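First the structure, in the form of structure tokens, and then the observations on it.
The values are calculated or read from the model by the stated rules, or taken from the named source; none is laboratory data. Note that the coordinates shown come from a computational prediction; the quantities given were computed from them, not determined experimentally. Cβ: placed from backbone, ideal geometry, glycine included. Neighbour counts: every protein chain shown.
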Amino acid sequence: MIRVVFNQKGGVGKSTITSNLAAISAASGLSTLVIDLDAQGNSSHYILGNASQPERGAADFFAETLNGRAKVSEPESFVTRSPWENLSVMAASPELSDLQGKLEAKLKIFKLKEALETLKKTYRSIWIDTPPALNFYSLSALIAADRVLVPFDCDDFSRQALYRLFENVEEIRADHNKKLKVEGIVVNQFTARSNLPQRVVDELLAEKLPVLEPYLSSSIRIKESHELCRPLIYLEPAHKVSLEYVALWKSLKR
């Protein structure tokens, strides 16, 4: 299964959700790959830390497609093994931003999909982290994916962005990827004691939008796991938020 975690709004937890769900997948015994297409590289750093600097990554893959050298049969050469069993990363770097205009001009939008046709023979579970924009990289991911997870951080700006996102996904599904489906909205940074988050989520449910459960709680432990470069399942598996992530992962289709 190839999943893309996407929202055009920034700061909603895409990298945290991608990394933690992928880590749980790996810890469960599935061969798992994270593809980081956000030039900020937050997922790459979260999973790989400082000790494992990748020699090649997503920017190198796309750069070689521009030069006509990248072969679809060799995408594994752009993947780095993480310190965690069963978990690998095609890492991001700032060079992704520099390449974007050239890739658009050369119509390379289907190259990631071609590479994933090979990679999915090795990896049972593939997760794609995307930039907070509908650009070349997020479009490449949506064209290649089976499912979309939409992070949602319980404010009105995020809610308004949802409707535009669903429209964009439907257009991509109709034009480029018939199998693409929104698997659900992942409610993030949820505070049950506050009225606003619960009211906003209730309104989404009333509109029959695909809100997934459980909701992911807000916790300082998440920021600590970022700092330590240890996804929660490796840091504190019995923590409340860790258990919420595990329950969410179990609710997803294999």
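Odds and ends about this structure:
- Residue check for E95: at pLDDT 95 or above, farther than 18 Å from M1 by Cβ and out of contact with any Ser or Thr (no Cβ under 6 Å at 6 or more places or on another chain): yes
- Total residues in the range 114-146 satisfying the condition of being free of Cβ contacts under 8 Å to residues at least 60 places away in the same chain and part of a helix (DSSP H, G or I): the figure is 7.
- Per the listing L103, L149, the residue uniquely in a helix (DSSP H, G or I) and of a type in the set (A, V, I, L, M) is L103.
- Any hit, the range 18-30, residues being at positive phi, buried (at least 18 other Cβ atoms within 10 Å of the Cβ) and part of a loop (DSSP other than H, G, I, E, B): no
- Residues that are of a type outside the set (S, T, Y) and closer than 17 Å to L30 by Cα were ranked within the range 77-89; the one that is surrounded by the fewest Cβ atoms within 10 Å (Cβ to Cβ) is E85.
Okay, residues lined up against (1) closer than 20 Å to L30 by Cβ; (2) charged (D, E, K, R):
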residue	(1), (2)
A206	no, no
L209	no, no
S219	no, no
L228	no, no
I233	yes, no
A238	no, no
K253	yes, yes
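- Contact map, the range 162-190: first residue in contact (Cβ under 8 Å) with a residue 12 or more places away in the chain, second residue of a type in the set (G, A, S), Cβ cut-off under 7 Å, separation 6 or more or different chains; pairs are L180/A145; N188/G13; Q189/G13; Q189/S218; F190/S217; F190/S218.
- Every test in (1) basic (K, R); (2) in contact with a Phe, Trp or Tyr (Cβ under 9 Å, 6 or more places away or on another chain); (3) closer than 29 Å to E244 by Cα is passed by K108 save one, and that test is (3).
- Residue check, T80 of a type in the set (S, T, Y) and in contact (Cβ under 8 Å) with a residue 40 or more places away in the chain: no
- Qualifying positions in the range 210-224 - in contact (Cβ under 8 Å) with a residue 40 or more places away in the chain and in a helix (DSSP H, G or I): I222
- The residue list R230, R159 contains one member that is surrounded by 12 or more Cβ atoms within 10 Å (Cβ to Cβ), among the basic types (K, R) and under 18 Å from the mean Cα position of the chain (by Cα), which is R230.
Per-residue answers, yes or no, for (1) more than 19 Å from P131 (Cα to Cα); (2) touching a strand residue (DSSP E or B) at 6+ places or on another chain (Cβ under 9 Å); (3) among the basic types (K, R):
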position	(1), (2), (3)
A145	no, yes, no
F152	no, yes, no
D156	yes, no, no
R159	no, yes, yes
G184	no, yes, no
F190	yes, yes, no
R193	yes, no, yes
V201	yes, yes, no
E207	yes, no, no
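- Among residues of the range 1-17, those that are in contact with a strand residue (DSSP E or B) (Cβ under 6 Å, 6 or more places away or on another chain) and either in a helix (DSSP H, G or I) or free of Cβ contacts under 8 Å to residues at least 24 places away in the same chain (or both), counted: 3
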